[in-house]
1. Residues of the stretch 113-175: accessible area per residue at 1.4 Å, in Å²?
2. Going by the alpha-carbon gyration tensor, a ≥ b ≥ c the square roots of its eigenvalues, is the stretch 190-253 rounded (a/c under 1.5) or, if a/c is not under 1.5, prolate (a/b greater than b/c) versus oblate?
3. Counting pairs of alpha carbon atoms under 8 Å apart in space and at least six apart in sequence, what relative contact order in percent does the chain give?
4. To the nearest 500 deg cm²/dmol, what mean residue ellipticity at 222 nm is calculated for the chain from DSSP H runs of n ≥ 4 alone, each contributing -39,500 (n - 2.57), summed and divided by the residues?
5. Mind listing the Cα extents of the stretch 51-179 along all three principal axes, in Å, largest one first?
6. Sorted from largest down, give the three principal axis spans of the alpha carbons of the stretch 103-216, whole angstrom values.
7. With +1 on each Lys and Arg Cβ and -1 on each Asp and Glu Cβ, and nothing else charged, work out how big the dipole of the stretch 103-216 is about its Cα centre, in Debye to the nearest 20.
8. Output the relative contact order of the stretch 164-261, whole-number percent, from Cα pairs under 8 angstrom with separation of 6+ residues.
Amino acid sequence: MDTLSNYHKFPKLDRPLPFHTIAMDLDGTLLDSRASISSLNHYVLQSALDQGVGLIIATGRRFSSALPYAQEFRGNVTVVANNGQVLRGSPNAERISETYISEKATFAVLSLAKKKGYSPLLHVDRFEEGIDILIESPITDEKYHHYSGGNIARTKVVGDLLEHSSDRALVVCYLSLIKEELIELEKELLSLPESSEYRTVITKIPGVSYCLEVLEKGVSKWTAIQSYLKISGLDEAGVISFGDELNDREMLFSSGYGFAMKNAVPSLIEGASYITRYSNNEDGIAMTLLELSVLSFR
């Protein structure tokens, strides 16, 4: 194996790779820096779908934000949203499964962070009602750092989030331009008695800020994918996955073949079994699938 291949940990296969599902993150993975699916990525993935391969979009985004990307493909695409809290289908948005943070844990997390001066966003499972996020100030407020593109659609301003801790909570989200601030908040959140019920993850939202998310403990993109596999009667070894952030860790490390993107955060690359030769701006998913020769083209 040459130096470049060794650096990127690219597998050398002596036979066709047996797989049935492609799972992929959105931002920094399937999407380029313009938040678009490139023509090559679309062509290769559509070809996979047409050949009976399952496609899963697994993202930290809310379902309504991920759905339009899934609908760019002809056929059924499964969407894992809110880092595994929600599992729905596309194009019809049919519900498959969901997991909520307990009322007790949600109340404790919101209370502590509000005392520390943060303005949390509460993601809730109210898709059919046209509501995804509950907040105490308009999303256009500068303290939200242009979160969700500043789009007020599907957000609802409430007087006190503590009164909505039982409102089908999916994720409690905190934003900051300074990662260290969120690391300190994370330490305090994890010291609460209720922390046995939830987990935390810090990611960087391109063009926005750093984001600290609180989710139900034991839930991840991979646990949602496992639900999909169980329903479909498929094995875990037949999954090829792609991601670039720490919220992709479980998915990449548990799939049959998990690829960290060339542009992934260093801590993910260090532990990944495989790394793509190309970034999200270089059609990384499509190029990897083509180099693996796992699809046929006529």
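The values are calculated or read from the model by the stated rules, or taken from the named source; none is laboratory data. Every value quoted in this text rests on a predicted model; they were computed, and no experiment measured them. For neighbour counting, all protein chains shown are included, and Cβ atoms are generated from backbone atoms with ideal geometry for every residue, glycine included. We work out accessible area using only protein heavy atoms, side chains counted, and drop any ligands, DNA or RNA first. Shrake-Rupley method; radii C 1.70, N 1.55, O 1.52, S 1.80 Å.
1. Values: 2800 Å² over 63 residues.
It amounts to 44 Å² per residue over the stretch 113-175.
2. Values: a/c = 3.04, a/b = 1.41, b/c = 2.15.
Here the stretch 190-253 falls in the oblate category.
3. Numbers: 588 pairs, mean separation 62.5, N = 298.
Worked out over the chain, it gives 21 percent.
4. On the way: 9 runs with 83 residues, N = 298.
It lands at -8000 deg cm²/dmol.
5. Cα extents, longest axis first: 53, 29, 29 Å.
6. Principal axes ranked by extent give 35, 30, 21 Å for the Cα atoms.
7. On the way: 13 positive and 20 negative charges, 46 e Å.
The dipole magnitude comes to about 220 debye.
8. Numbers: 129 pairs, mean separation 22.1, N = 98.
Over the stretch 164-261, the number comes to 23 percent.
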